[in-house]
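Laboratory data are not the source of any read-out in this text; all were calculated from the coordinates shown. Quick caveat: nothing in here was measured; it's all calculated off a predicted structure. Cβ placement follows ideal geometry from the backbone for every residue including glycine, while neighbour counts extend to all protein chains displayed.
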Amino acid sequence: MNAHRPDGAPAPTAPETPSPSPGRVVLLTTSHRVAPGLLSWPAWQALHGADRVLCADEAHPQLPYLREAGIAVERATPTAEELVDACAGDRTVVVVATAEGEPGLTDGLARLAGSGRVRMPSLELLPASYDLPGARLLDLVQVMDRIRAECPWSSRQTHDGLAKYGIEEAYELVEAIEEGDRDELREELGDVLLQVVFHARIAEDDPDTPFSIDDVAAGIVTKLIHRHPHVFGDATATTPEEVKAHWLRTKAVEKRRESVTDGIPLGQPALALATKLSSRARTAGLTVPPPPGDDIGYELLTLAAQAESKGLDPETALRAAARTYRDAIRAAEGLGTR
């Protein structure tokens, strides 16, 4: 029954008091591959505007920089229930996530939200720093450094001892490319990359002429920029042939070579060597027919030069033919193709 005033009119009801807001939780994630303290502007806004900032790891690399910026960070490992209570009354709590990403806390919040019995604060995942392309290479360098220091086998390896693996990995990469296996290609590229990082790490220990992976990267960056004046300079190149001409001209100046054959590794497979020699001569505008000879070597040299002049790679063609021959041998054995 409604209450009435003495004059018979209904008595006014008191306005309902709105329930306080359940607040807001911000889970702040950072990348260890980005220098500590380099956070996004939204991250700094959230940190400065928070009622509390919590972090479970007192050794978190971001903490010194946050405290230097005037952010009061509490060392705390709250449960999901404690975090919800901390946000009551329209308060904002920022949790600076550890490297693992606080899975226990997020799972607990998910269970509370799913129960339907708790008024949940708003939940926000805020990436404060992002990995740039190539950032995982830093992980590889770090892992290789530890392996070199702690692994009994890796710590004793030399450039000479690893040379055979570089050759093997290069051939396995080529095979993955030719077979069109994307998963295998990704793995073999990683194996080749490992050889580069491994050799660079070994080179750091050289007492006379040490260098690091950064020196290796800096060298190839300088070379690429210098040999692509049509990209980084004022030169113009509109066709692959013009690009190749730029490359060869700058390379000749850099290396101060007397002959177009200088720099060709004579230890490479013979068919590839013959092809490379033919390519260098043709690119230089030299007409040098293969020397005459009666044995099979001169015949193969002539075939390699002919293939190269037609834009074909005789090494690739021979491998394809060899695989077909392998299948024919397996068929003769009553086996299926691979």
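Odds and ends about this structure:
- For the stretch 265-332, radius of gyration divided by Kirkwood radius, i.e. Rg to Rh on alpha-carbons: 1.06
- Each label point was placed 7 Å from the Cα along the Cα-to-Cβ direction; for Glu58 and Ala252 their separation is 6.8 nm.
- Taking a ≥ b ≥ c as the square roots of the eigenvalues of the alpha carbon gyration tensor, the stretch 57-178 is prolate, as a/c is not under 1.5 and a/b beats b/c.
- One chain, two ends: Lys310 and Glu168. Fully extended at 0.36 nm per residue, the span grows by 48.2 nm beyond their Cα-Cα distance.
- The calculated P(r) of the stretch 24-127, using every Cα pair and 5 Å bins from 0, goes 2, 13, 25, 26, 18, 10, 4, 1, 0 in percent.
- Expressed as a whole percent, the proportion of Cα-Cα pairs in the chain lying more than 39 Å apart is 49%.
- In the chain, a dipole from Cβ-located charges (positive for Lys and Arg, negative for Asp and Glu) runs towards its positive end, and of Ala237, Leu162, Thr30 it is Ala237 whose Cα lies farthest in that direction.
- Rounded to the nearest 20, the Cβ-based charge dipole of the chain about its Cα centre (Lys and Arg +1, Asp and Glu -1) stands at 700 debye.
- Electrostatic dipole magnitude of the stretch 265-332 [Cβ: Lys, Arg +1; Asp, Glu -1; Cα centre; debye, to 20]: 300 debye
- Overall dimensions of the stretch 130-236 by Cα: Rg and Dmax, Å: 16.4, 52
- Taking each residue as 0.36 nm, the span from Ile220 to Asp208 lengthens on full extension beyond its C-alpha to C-alpha distance by 2.1 nm.
- For Asp191 and Ala320, the difference between the fully extended length at 0.36 nm per residue and the C-alpha to C-alpha distance is 44.1 nm.
- Taking label points 7 Å from Cα along the Cα-to-Cβ direction, Arg182 and Glu150 give a separation of 3.5 nm.
- Length-normalised contact order of the chain in % [C-alpha pairs under 8 Å, at least 6 apart]: 13 percent
- Rg and Dmax of the stretch 107-176, Cα atoms only, in Å: 23.5, 67
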